[in-house]
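The values are calculated or read from the model by the stated rules, or taken from the named source; none is laboratory data. Worth saying up front: this structure is predicted, and the values here are computed from it rather than measured. Cβ: placed from backbone, ideal geometry, glycine included. Neighbour counts: every protein chain shown. In case anyone asks, the SASA skips ligands and DNA or RNA and just uses the protein heavy atoms, side chains included. Shrake-Rupley method; radii C 1.70, N 1.55, O 1.52, S 1.80 Å.
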Amino acid sequence: MTPTPPTRAVRRALRVAGVVQGVGFRPFAFRLASSLGLAGHVGNDAAGVFCEVEGPAEAVEAFTRRLVADAPPLARIESVGAEDRTPTGEIGFTIVASRPSPGALTLVAPDLAPCDACLGELTDPADRRYRYPLLNCTDCGPRFTITTDVPYDRPSTTMAAFAMCAACRAEYDDPADRRFHAQPTACGTCGPRVWLESPVGVPVHDADPVRAARAVVVGGGVLAVKGVGGYHLACRADLDDAVAALRSRKSRPDKPFAVMVADLGTARAIARVDDGEAALLEGPERPIVLVTARPGSVSSAVAPGNGFLGVTVPPSPLHALLVEPGEVWVMTSGNRSGEPICTGDDEARDRLGGIADAILGHDRPIAVPCDDSVVRVVDVGSGPSVLPLRRSRGYAPYPVPLDLPDGPPVLAVGGELKATACLRRGGHAFMSQHVGDMGSLEVLAAFERAVDHMSRLFRTDPEVLVCDAHPGYASAAWARRHAGGRPVIAVQHHHAHLASLLAEHRRAGPIIGFSFDGTGYGTDDTIWGGEVLLAALAGLERVGHLRPSALAGGDAAVERPYRQALARLAEAGLGWDGDLAPVAASGEDERRVLATQLERGLGVVATSSMGRLLDALSALCGVRQVISYEGQAAIELEALVDADEPGSYRFAVGDDGVWDPRPVVAAVVSDVRIGTPVGAIAARIHAAVRDGIVVASQRVRATHGLDVVGLSGGVFQNVVLTTAVARALAEQGFEVLTHRLVPPNDGGLALGQVAVAADQLAR
């Protein structure tokens, strides 16, 4: 019998790029190689994961194939490079120490909710991590908010100061263990500790501080609790007095609070939750999901005047211990209105001590603040998809892949509200976490720290800065102040909105673009916001817009929709009769001054804003006369829409593409006076906008031959409107682009600014 010749060994080096650090990729590669009988090694560097395998050719091929096909569920592989090497005779497979790779790009994973295995340990009295509120493993736990540098190893995280005990070290070193090379791993013996204290920092001595903290909330108090990316403020959502106390102390009179529930069953008891929303609630990102509320399920003070509830399921083991099944807790950002979220313990005592009755803290430092993400589910005809409203914890800093010409690294600083920054390096756009509204020095400082953190993690020194074209924006001033001789490119606001949509769909345009929002500085030095544009990365052409209206008093009119309604009445030739809600909301002296302003153009700004029109119509319907947060009047109008109402108002549209809202204003007034239900009026308003978009799209298609329509801007956060518009356009043969990766509001502007700047720099 002829002996079988020995199998010839081969060796292959592989480099894996993408989100492959902090997701258990090295342990996975170790186990895969060991199961195939391969020798070699795997490790991290600043470019991703590198490995070499040696053994029979069939086994090496299987390893190469399965490295992608069987990768850990939280990994996002962008590329795998392979190069054959000369076999060395190496024995065994090892995880080697991380090595520096100057200038290389590492993609950092976001923070992830506790996995089922960790939750099982958390609630198992026989487990050594029973009720340890900061447990995690390779499949879950903090990542972005504890990472101080790359490559991702324990010394480059805020866990560096915590030495592992013998039991944790044994798990960390065991290839068969779920915590094999889990960098943040810890337990109650060696890990960060949790404590409860009074609002002024006096310790509350209790063997189980989490149970004691629960008692504060269950008893009707307000609790500050340190989460993954910052502090939350919590109280019972079913107690009017508790919610009212939190509103008063936080200076947040009306803006809806999010609520936290322990499980999907409780979520479905308080809201109508479809399968798409359920998947988001239970997914590893754990965003706040806006769902339709069941009337009376929580205190009316949780989301006053709003038919939707922002619901989330615990994003960390600590939260999972706090909220029990059947309970509904308010869980809102730990800050005072207008300030960034608190992350430090001393900071929490200083800023939250006057709000909370107790503070539940821990000593795992937060490297970078990261507020909760907020999403909605929208079905625009192709099935349910995510509509981001705030992209932060769970999503940041996942990059948006770009299909743009090569160019220098770029930093875009976004707008003034819902501030985010975007760092472009090669084919990636790294969107920062949500920072806040740039109206205070604290937010500006937080913005600067976020930019510095991104630049450090992604080894990028921007060569070009990009900002909004508005001359008065604090973000634009920041860019000019920090330029240091580098070019600063200004991008028109609504161009950036539509460019962000094009960038996330990896297109250059042109498309028929509708950019509807509250405020944006136009190319004609007026305030835009109801724009029909031929939009491409290379430029825009205004082919239609809402007829400009007088915004008398600037911000005073924005905060008082009744003033906008009075201006609309005057423009429509309708009197300020006392039977209309905006008239009743204003004083005689105020109306006299306003009439003079409108007549003489004193202190008046012209605006084509669709957001401002919806505010005015909301006031005319008697829904909201004065707002305490951005978009409140339009949000409350959306919540009242009667889905069974078939009627529609009509804009008058001229040959120049200008939409005249005066017929809509007159029709609303007529319906109000004959007692038409407000739900029907709200539905007819939304239908008028829908029909206007369809007609405008048909006109532009006829003249320019385009059949792709994009919807961007804060108005398209409105799911009722966005769904109706997308479906109506699809029925007319249009392809419709909506946001799925970044918000349609100003939180997505920075991506659009990067895309426009990249196009300019390539020409």
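Report yes if residue 202 is in contact (Cβ under 8 Å) with a residue 40 or more places away in the chain and either of a type in the set (Val, Ile, Thr) or farther than 24 Å from residue 360 by Cβ (or both), otherwise no.
no
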(request) Taking residue 113 as meeting all but one of (1) in contact with a Pro (Cβ under 8 Å, 6 or more places away or on another chain); (2) modelled with pLDDT under 95; (3) among the small types (Gly, Ala, Ser), write down the number of the exception. (result) (2)
(message) Quick test of your reading of the structure: residue 730 fulfils all but one of (1) closer than 27 Å to residue 427 by Cβ; (2) among the aliphatic types (A, V, I, L, M); (3) surrounded by fewer than 19 Cβ atoms within 10 Å (Cβ to Cβ). Name the failing condition by number.
(response) (1)
(message) If residue 642 meets every condition in (1) assigned to a loop (DSSP other than H, G, I, E, B); (2) at pLDDT below 95 apart from one, which number is that one?
(response) (2)
(request) Considering only the stretch 542-588, give the helices (runs of 4 or more DSSP H) lying wholly within it that have at least 1 residues that are crowded, with 19+ Cβ neighbours inside 10 Å and over 33 Å from the mean Cα position of the chain (by Cα). (result) 561-571, 581-585
(message) If I go through the stretch 459-489 residue by residue, how many of them are open to solvent by 10 Å² or more (accessible area, probe 1.4 Å), in contact with an Asp or Glu (Cβ under 7 Å, 6 or more places away or on another chain) and under 25 Å from residue 711 (Cα atoms)?
(response) 1
(request) Give the residue, chosen from 42, 53, 60, that is among the β-branched types (Val, Ile, Thr), farther than 26 Å from residue 143 by Cβ and either at pLDDT below 90 or not in a helix (DSSP H, G or I) (or both). (result) 53
(request) Determine if the stretch 589-597 includes at least one residue that is touching a residue at least 24 places away in the same chain (Cβ under 8 Å), under 16 Å from residue 555 (Cα atoms) and in contact with a Ser or Thr (Cβ under 9 Å, 6 or more places away or on another chain). (result) yes
(request) Can you tell me which residue among 446, 396 is at pLDDT below 95, surrounded by 20 or more Cβ atoms within 10 Å (Cβ to Cβ), more than 26 Å from residue 718 (Cα to Cα) and of a type in the set (Gly, Ala, Ser)? (result) 446
(request) Kindly list the number of the only condition in (1) open to solvent by 10 Å² or more (accessible area, probe 1.4 Å); (2) more than 19 Å from residue 464 (Cβ to Cβ); (3) touching a helix residue (DSSP H, G or I) at 6+ places or on another chain (Cβ under 8 Å) that fails for residue 505. (result) (3)
(request) Search the stretch 186-212 for residues being in a loop (DSSP other than H, G, I, E, B) and touching an Asp or Glu at 6+ places or on another chain (Cβ under 7 Å), and hand back the single one that is least open to solvent (accessible area, probe 1.4 Å). (result) 192
(message) I'd like to check something: does the stretch 734-747 contain any residue that is within 26 Å of the chain's Cα centre (by Cα) and over 29 Å from residue 464 (Cα atoms)?
(response) yes
(message) If I go through the stretch 233-261 residue by residue, how many of them are in contact with a strand residue (DSSP E or B) (Cβ under 9 Å, 6 or more places away or on another chain) and closer than 11 Å to residue 329 by Cα?
(response) 13
(message) Suppose we filter 78, 83, 90, 121 for residues that are part of a loop (DSSP other than H, G, I, E, B) and either modelled with pLDDT under 95 or charged (D, E, K, R) (or both); which single one remains?
(response) 90
(request) Looking only at the stretch 508-524, count how many residues are among the β-branched types (Val, Ile, Thr), closer than 24 Å to residue 614 by Cα and surrounded by 22 or more Cβ atoms within 10 Å (Cβ to Cβ). (result) 2
(message) Return the residues of the stretch 733-757 that are surrounded by fewer than 24 Cβ atoms within 10 Å (Cβ to Cβ) and aliphatic (A, V, I, L, M); say none if nothing qualifies.
(response) 736, 737, 741
(message) Looking only at the stretch 6-51, filter to residues that are over 29 Å from residue 112 (Cβ atoms) and either in contact with a Lys or Arg (Cβ under 9 Å, 6 or more places away or on another chain) or β-branched (Val, Ile, Thr) (or both); which one of those is surrounded by the fewest Cβ atoms within 10 Å (Cβ to Cβ)?
(response) 7
(message) For a quick check of your reading of the model, give me the residue pairs whose first member lies in the stretch 500-516 and is in a helix (DSSP H, G or I), whose second is of a type outside the set (S, T, N, Q) and open to solvent by 10 Å² or more (accessible area, probe 1.4 Å), with beta-carbon atoms closer than 7 Å and at least 6 apart or on different chains.
(response) 502/508; 502/509; 503/402; 504/740; 504/741
(message) Within the stretch 218-227, take every residue that is part of a loop (DSSP other than H, G, I, E, B) and touching a helix residue (DSSP H, G or I) at 6+ places or on another chain (Cβ under 6 Å) and give me the one that is surrounded by the most Cβ atoms within 10 Å (Cβ to Cβ).
(response) 222
(request) Would you check if residue 349 is assigned to a loop (DSSP other than H, G, I, E, B) and under 28 Å from residue 208 (Cβ atoms)? (result) no
(request) Output the residues belonging to the stretch 446-484 that are among the basic types (Lys, Arg) and under 13 Å from residue 409 (Cβ atoms). (result) 459
(message) For the stretch 256-307, which positions are of a type in the set (Ser, Thr, Tyr) and either part of a strand (DSSP E or B) or open to solvent by less than 20 Å² (accessible area, probe 1.4 Å) (or both)?
(response) 266, 292, 299
(request) Would you check which residues across the stretch 313-326 are in contact with a strand residue (DSSP E or B) (Cβ under 7 Å, 6 or more places away or on another chain) and either assigned to a loop (DSSP other than H, G, I, E, B) or open to solvent by 10 Å² or more (accessible area, probe 1.4 Å) (or both) and list them? (result) 313, 314, 323
(request) Look through 652, 639, 616, 643 and report the one residue that is within 30 Å of residue 731 (Cβ to Cβ), open to solvent by less than 30 Å² (accessible area, probe 1.4 Å) and hydrophobic (A, V, I, L, M, F, W, C). (result) 616
(message) So for the stretch 470-482 (the condition being assigned to a strand (DSSP E or B) and in contact (Cβ under 8 Å) with a residue 60 or more places away in the chain), does at least one residue qualify?
(response) no
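Can you say whether residue 215 is open to solvent by 40 Å² or more (accessible area, probe 1.4 Å), modelled with pLDDT of 95 or more and part of a helix (DSSP H, G or I), as far as the supplied structure shows?
Values: open to solvent by 40 Å² or more (accessible area, probe 1.4 Å): yes; modelled with pLDDT of 95 or more: yes; part of a helix (DSSP H, G or I): yes.
For residue 215, the condition - open to solvent by 40 Å² or more (accessible area, probe 1.4 Å), modelled with pLDDT of 95 or more and part of a helix (DSSP H, G or I) - is met.
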(message) With open to solvent by 20 Å² or more (accessible area, probe 1.4 Å), modelled with pLDDT of 95 or more and not small (Gly, Ala, Ser) as the only criterion, which of 372, 363 stands out?
(response) 363
